[in-house]
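Here's the structure we're looking at; comments come further down.
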Amino acid sequence: MEWFQRLVSIYDNIRPLLDVALLAFLLYKGYELLEKTQALPLVKGAAFLALVYGIAYLFNLTTLRWVLTIIAPGLIIAIAIVFQPELRKIFMRLGQTEFFRPDIKPRIGQLDAVITAAELLSERRRGMLVVFPRKINLKNIAETGTRINGEISSSLIIAIFEFDGPLHDGALIIQSGKIAAAGCFLPLSERQDIRKNFGTRHRASLGMAEQSDAVVLIVSEETGAISLAYDAKLYYDLSSMEVTRKLKELLDSGSRREAQIQVTSQKEKTEVQGEVLID
């Protein structure tokens with residue numbers, strides 16, 4: 001039993017470090033989740049109220065403490081109502097995330113095939129919507145369309161989106177290195193700060209990026225602009241080089257926090273509300 005006692009002794013020595021490391025990991029993942037679901041205002045509001053209560057307690061401000069104690073239950077209910085969409089997104093992500101699912105990412109050649117199809121459809125002013133799931137399972141979204149389970153090829157993607165067929169207006173989902181489904185319906189974003197001339201594809205892509213960690217590739221049917229949506233943000237009118245670089249980065253490093261995209265298009269781009277890039 002000497003070896004067992006030695007293991008116990010080693011564990012006792014590293015337990016504080018393990019405790020702090022796990023806590024730091026949970027805090028980081030929690031912040032990452034809040035940031036991607038745009039729920040940081042919820043945390044900031046709760047922190048402000050806690051700060052006010054702490055000041056009232058520290059300086060013995062009895063009247064303020066009494067008021068805060070009285071209105072606290074109502075504030076909790078009000079916060080739950082006001083931030084209901086953000087709370088729903090948080091619980092959806094926690095419930096749908098598959099931590100132990102084998103993460104089979106598209107190969108470089110397969111990504112190039114998707115981008116080639118996007119370029120050709122952009123030239124022909126044909127709309128396109130392609131979803132790349134990451135950790136969150138999109139089985140419920142795939143079930144709204146037609147199962148394909150086919151190999152990724154630019155010719156197949158063009159055939160789906162070039163003509164006004166039954167699958168043209170929906171989204172195509174690429175998962176596990178295959179075209180999983182086409183003609184899928186995505187949730188529409190309810191944000192009010194989106195450009196009014198953005199159509200259903202852009203609103204659907206942003207809605208998908210708000211409710212999951214998926215990366216969405218969009219080709220505008222009106223302008224031919226190629227865009228990306230991820231982490232509840234929409235990056236509009238990117239060059240093929242920018243799209244290629246960012247897709248490879250996002251889909252190759254889904255387990256670490258992605259760097260924000262650096263837009264270097266020849267056209268000047270302006271940031272709206274700090275989240276939607278437009279030309």
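The values are calculated or read from the model by the stated rules, or taken from the named source; none is laboratory data. Model, not experiment: these values are computed from the prediction. Here the Cβ positions follow ideal geometry from the backbone for every residue, glycine too, while neighbour counts run over all protein chains shown. Keep in mind that these areas ignore ligands, DNA and RNA; they rest on the heavy atoms of the full protein, side chains included. Shrake-Rupley method; radii C 1.70, N 1.55, O 1.52, S 1.80 Å.
Quick notes on this structure:
- Among the residues of the stretch 207-226, those that are in a loop (DSSP other than H, G, I, E, B) and on the phi < 0 side of the Ramachandran plot comprise SER212, ASP213, ALA214, SER220, GLU221, GLU222, THR223, ALA225.
- Meets criteria (at positive phi, modelled with pLDDT under 95 and in contact with a Pro (Cβ under 9 Å, 6 or more places away or on another chain)) for GLY177: yes
- Hey, ARG147 open to solvent by 60 Å² or more (accessible area, probe 1.4 Å) and either in contact with a strand residue (DSSP E or B) (Cβ under 8 Å, 6 or more places away or on another chain) or at pLDDT below 90 (or both) or not: yes
- The residues of the stretch 152-208 that are farther than 25 Å from GLY109 by Cβ, among the aliphatic types (A, V, I, L, M) and without any contact (Cβ under 8 Å) to a residue 24 or more places away in the chain amount to a single one, LEU188.
- In the stretch 103-124, residue modelled with the lowest pLDDT [restricted to those that are charged (D, E, K, R) and not in a loop (DSSP other than H, G, I, E, B)]: ASP112
- Where a residue in the stretch 231-259 is of a type in the set (Val, Ile, Thr) and surrounded by 14 or more Cβ atoms within 10 Å (Cβ to Cβ) and its partner, wherever it lies, is modelled with pLDDT of 85 or more and not in a helix (DSSP H, G or I), with Cβ under 6 Å and at least six apart: VAL243/ILE226
- Residue list for the stretch 152-194, restricted to those being farther than 18 Å from LEU120 by Cβ and among the charged types (D, E, K, R): ASP169, LYS178, GLU190, ARG191, ASP193
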